[in-house]
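Structure, as structure tokens:
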Amino acid sequence: MEKQTSRRSFLKVSSISGGGMLLGFSWLASLKPSEVMGAAGTAPEWVELTGFIKIMADNQIKILSPNPEFGQNVMTSLPMLIAEELEVDWKKIQVEMGDYDTPRFKSQFTGGSQSIRSAWMPLRKAGATARMMLLQAAANLWHLPVAELTASNGSVMHKATNKTITYGQLAEAAAKLPVPANPVLKKASELNLVGQSQKNVEGAKIVAGKSLFTMDYQVDGMLVAMAIRPPAFGMQLKSYDATEAKKMPGIKDVFDIEVYKKGYERAGFDTRTFNHLIVVVGNSTWEVLNARKKVVAQWESIVETKETVNNFGRKKEETIPAGLESSDKHMQQMLALQGQKAKVLRKDGDPEAAFAAAKKVIEKTYSAPFLPHNTMEPISCFAHITDEKAFFVAPIQIPDMMKQNIVANLDVPADKIEMKLARMGGGFGRRAYGHYIIEAGLISKKMKAPVKLIYTREDDMTNGVYRPAYIVTYKAALDANNNITAIHIKGGGIPEHAVHENRFPAGAFDNYLAEGWELPSNITIGAFRAPRSNFIASAEQSFLDELAQTIGKDPIDFRIELLKKAKASPVGKNNDYNADRYIGVLELLKEKSKWTATPKGKHRGVAAYFCHNSYVAHVVDVSMKNGLPQIDNVVSVLDCGIVVNPDAAKNMVEGAVIDGIGNCLFGGLKFDKGVVLQQNLNQYRMIRMREAPKKIDVHFVQNSIDPTGLGEPPFPPIFAALANAMYKATGKRFYHQPFINELNKKA
Amino acid sequence: MAKMNLKVNHKTYTVDVDPATPLLWVLRDHLHLVGTKFGCAVGACGACTIHLNGNAMKSCQLPVSAAAAQEITTIEGLSEHGDHPVQKAWLDIDVAQCGYCQTGQIMAAAALLKQKPNPTDADIDNYMSGNICRCGTYIRIREAIKTAAKTSKK
């Protein structure tokens, strides 16, 4: 285990099984809470039990939340897991956002819908460990067997003698005890906080407009910085003249930076980015904005390059082609490549023979454009690099992934990195890629001053890590009796395809072929809420709907029939889903949506999907108004195992449904000769309240399975549920996103 | 640069800035009132909504010179203790996800309820459609506005 900062060298480090936590100690008075955002730092009176819990003598109890928060409410639900096992009154608990300190917390990863799933055991063990140590401290004090004692509500009791002592009174002694090797967790039936809705712990600060976000962070002497990036993908900086800009009021300096050093080997989340930037630094945002316009820059075309990327140990060569790319051309290229040979990803049986013998073939092609994340808070980062330390306030989903990047490109030793993990104004994948941390750090280093780097909305939209553009063709072979004898899926994308060859309906068909191809691009891409799934689900679930209609089957019954077949006699290997749980959400959806009783005047569509370890199915009711679907009702059913904080979980599902509806109706970033055509929100349509569903009814399958993902799973299937409902309403199938274009074509 | 007086949340501030500076940046950079958020700077997202003489206004679209001597209210001044009926309703319904847009949403909702104490669903949808919530909390915002309308009447 490595040392993160000098102050942490005070900690007595002890690794225990499962939790990997740091053991208790009294926080030293010499710690200075410098540049602390929000919370007032750690007072010397706090006694720490495990890396997550701090207790004061007066029985104030604080729980540190390890994972960066961007709206999924983990800052409430993760501490709930600790509080559950600790046996404390949740209403009295103070929650504090942990700083970047991954050795302490073991994991600080917000992404892939993994927060609750991966914290479920470790955080409960942390709470249970502390509870057992407090119980032991009381046993030692009272000279009683620990088995006679109980812990509840922040106190230890001995019922027989009616003795009670608070955790606060025990903490100091408890911290000196050996850490139990096998903390005993509560039984599922004993959980009394998990499963009970608790309000967002930062709700009051949010509604009062308190400073929470990186964009809000300010310190004395702080400078504001903005960058000038190439006007188009495929271009780079040739030269610039900043004479006029430097004369503008409030401007401190204008210079250029190279974000990644030459030869730097990018790792998993080091996105490629415009690497050579002009930077304008000044006293205030408005002054920098004005001066930025006065910089005269010359740009030139890039040449094709090849870079080796280290993708979690697997090295891969990436081609970055030269040229100025356009959306229209992209579509022509994708359609052309669909007609050429692609890589076989999976093959079961003899699909070629089945297609040759087919009486009828149904073939449909689906596509979707690049998407910008458009987090409400544009990208920003605060950095103050001094000889003592590299201090950041950063909106970053996976801080530890930035470590080697900071070390390599800012020449900062790893043990001098300090990072406050600010609440993020949305993430959706965008903030997994922290190139802006390096940018801010380089600017602070050069200016020898605290700096806040700000992206305007235009900067944010034109320097994105977009959802890739995708295409896929689904083909089904039918025999004379309308039996499906083969399925063929062929997909591609710029620069990656979205085919998940082992997901449903793989396993349900004797003859099955999945193929994929990829076309390199110089446009930067990255994870976007349920990467790849968000497209492939929309295509697959629309195709299954059309297939069910063609063979005259109810779309839910059709899916259940296939799943039953895949369960009874699975075809092929590595089928990546549990048919029973999949069927479970569909059955519950039938019941909750009153599936067979479509309300009068409404049109109904259904879709389901499995990704990020969870199963989701939606029914959407629409009626057409002024050429747009009015979404009257959505019924959502999820199986994500045990739900920790039900009302917050519902909020997330509602959000995913609305996000998906917005993106499939309106989303699409267009490029012309490398230039992003929509550069701000007055040119890019996002869903607004009047287009949002009137009602969303969310149901969770009740079971005692350990929690699985929630942030992403409800997103992919909503696209097709809407497309299938719109088909019922208009008689027209929707193959190409955004659907607004198809609706306009009709009008 | 020009000196001017700004009346923000019943306090008077003297600022010395370019008169063309959008009020948004003066509030955030000079007065450190960061509850008014920067989202787009083109009046399209509503994150920067404030009240000017009681009416909702996008502060990114208002040069500071036009706001001088007017009554400006930001989220920090909507209520003394964060307990305006709209703020309370937001907590009741637990509206926020990331929370970034919510101060702008709350300022818009408070202005709506001032104009129309009993808004219909259509009133709410139309009035609030100038404010984007990327997390998609629209259903809860609608519900919170209705809750606030009810509690305001009591």
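The values are calculated or read from the model by the stated rules, or taken from the named source; none is laboratory data. The structure displayed is predicted, hence computed values, not measured ones. Glycine also receives a Cβ, built like all others from the backbone with ideal geometry; neighbour counts cover every protein chain displayed. Areas reflect the complete protein model, heavy atoms only, side chains present, ligands, DNA and RNA absent. Shrake-Rupley method; radii C 1.70, N 1.55, O 1.52, S 1.80 Å.
Based on Cα coordinates alone, diagonalise the gyration tensor for the range A:668-713, multiply each eigenvalue by 5, take square roots, and list the semi-axes in whole Å, largest first.
Semi-axes from the Cα gyration tensor: 37, 18, 6 Å.
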Using only the heavy atoms of the protein chains and a 1.4 Å probe, how would A:THR386, B:THR12 rank by accessible area, largest first? B:THR12, A:THR386
Just how much of A:HIS488 is accessible, in Å², when a 1.4 Å probe is used and the result is rounded to the nearest 10? 30
Toy charge model, Lys and Arg Cβ at +1, Asp and Glu Cβ at -1: the range B:85-153 dipole around Cα centroid in debye, rounded to 20, equals 160
A:GLU317 versus B:ALA2, label points 7 Å from Cα toward the beta carbon: distance in nm? 6.3
Would you mind checking which residues have amide H under 5 Å from A:LEU371's amide H? H placed 1.01 Å from N; only 5 or more apart, or other chain. A:ARG467, A:LEU669
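With all protein chains present and a 1.4 Å probe, how do A:MET686, A:MET157 order by accessible area, largest first? Walk me through the numbers before you get to the answer.
Values: A:MET686 20, A:MET157 45 Å².
Largest accessible area first, the list is A:MET157, A:MET686.
Taking the Cβ of B:CYS101 as the center, what net charge do the other residues with Cβ under 11 Å away carry, scoring Lys and Arg +1 and Asp and Glu -1?
Numbers: positive: B:LYS37, B:ARG134; negative: A:GLU377.
With Lys, Arg at +1 and Asp, Glu at -1, the neighbours total +1.
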Hits among lysines - C-alpha to C-alpha of A:LYS347 under 22 Å, sequence gap 8 or more where chains match: A:LYS359, A:LYS360, A:LYS364, A:LYS475, A:LYS490, A:LYS564, A:LYS565, A:LYS567, A:LYS573
Provide the solvent-accessible area of A:TYR100, counting protein heavy atoms only and rolling a 1.4 Å probe, rounded to the nearest 10 Å². 0
In whole Å, what is the distance between the alpha-carbon centres of the range B:1-43 and the range A:708-747? 42
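Which helices pass in chain A if a helix is a full DSSP H run, must span at least 24 angstrom along its long axis by Cα, and must have mean Kyte-Doolittle hydropathy not below -0.5? Each step should come with its number before you reach the end.
Details: long enough: A:115-142 (39 Å, 0.27); A:533-550 (25 Å, -0.06); A:646-666 (30 Å, 0.46).
Long hydrophobic helices here: A:115-142, A:533-550, A:646-666.
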Toward the positive end of the charge dipole of the protein assembly as shown, about the Cα centre and with charges on Cβ (Lys, Arg +1; Asp, Glu -1), which of A:ASN310, A:TYR735, B:LEU27 goes farthest? A:TYR735
Per residue, what volume in Å³ does the Cα convex hull of the range B:85-153 take up? 69
With label points set 7 Å from each Cα along the Cα-to-Cβ direction at A:ASN626 and A:LEU677, the distance between them in nm comes to 2.4
For A:VAL88, enumerate residues with amide H under 5 Å from its amide H, sequence gap 5+ or separate chain, H modeled in the peptide plane. A:ASN153, A:GLY154
For A:MET121 and A:LYS163, FRET efficiency with R0 = 30 Å and r from the beta-carbon atoms, rounded to 0.05? 0.40
Run the quick spin-label model on A:ASN578 and A:ASN502: label points 7 Å from Cα toward the beta carbon, then report their separation in nm to one decimal. 1.6
Leaving ligands, DNA and RNA out of it, work out the accessible area of A:ARG131 with a 1.4 Å probe and give it in Å² to the nearest 10. 30
Inverse mean reciprocal Cα-Cα distance (Kirkwood Rh) of the protein assembly as shown, Å: 29.0
What list of ³J(HN,Hα) couplings, whole Hz, do you get for the range A:628-633 from phi and the Karplus terms 6.51, -1.76, 1.60, once you set θ to phi - 60° and write x for glycine and proline? 10, x, 8, 8, 7, 7
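Could you state the orientation-averaged shadow area of the convex hull built on the Cα atoms of chain B, in nm² to one decimal?
Details: hull surface 33.6 nm².
The Cα convex hull of chain B, projected and averaged over all directions, gives 8.4 nm².
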Here the range A:305-316 yields Karplus 3J(HN,Hα) values (6.51, -1.76, 1.60; θ = phi - 60°; whole Hz; Gly and Pro given as x) of 10, 10, 10, 8, 10, 9, 8, 6, x, 9, 7, 9
What list of ³J(HN,Hα) values in whole Hz, one per residue of the range A:190-203 in order, does the Karplus curve 6.51 cos²θ - 1.76 cosθ + 1.60 (θ = phi - 60°) give from phi, with Gly and Pro shown as x? 8, 5, 10, 9, 4, x, 9, 4, 10, 6, 3, 5, 9, x
How many angstrom separate the Cα center of the range A:265-323 from the Cα center of the range A:445-464? 12
Check the straight Cα-Cα distances from A:LYS625 and name the aspartates and glutamates below 13 Å, setting aside those fewer than 8 residues away within the same chain. A:GLU691
Span per principal axis, largest first, for the Cα atoms of the range B:2-78 (Å): 29, 25, 20
The range A:621-660 scanned against label point 7 Å out from A:THR598 along Cα→C-beta; backbone N under 13 Å for A:621-624
Put A:THR462, B:THR151, B:THR21 in order of accessible area, largest first, probe 1.4 Å, and you get B:THR151, A:THR462, B:THR21
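What do you get for Rg/Rh of the range A:300-419 when both radii come from the Cα atoms and Rh is the Kirkwood radius?
Values: Rg = 23.3 Å, Rh = 20.5 Å.
For the range A:300-419, the value is 1.14.
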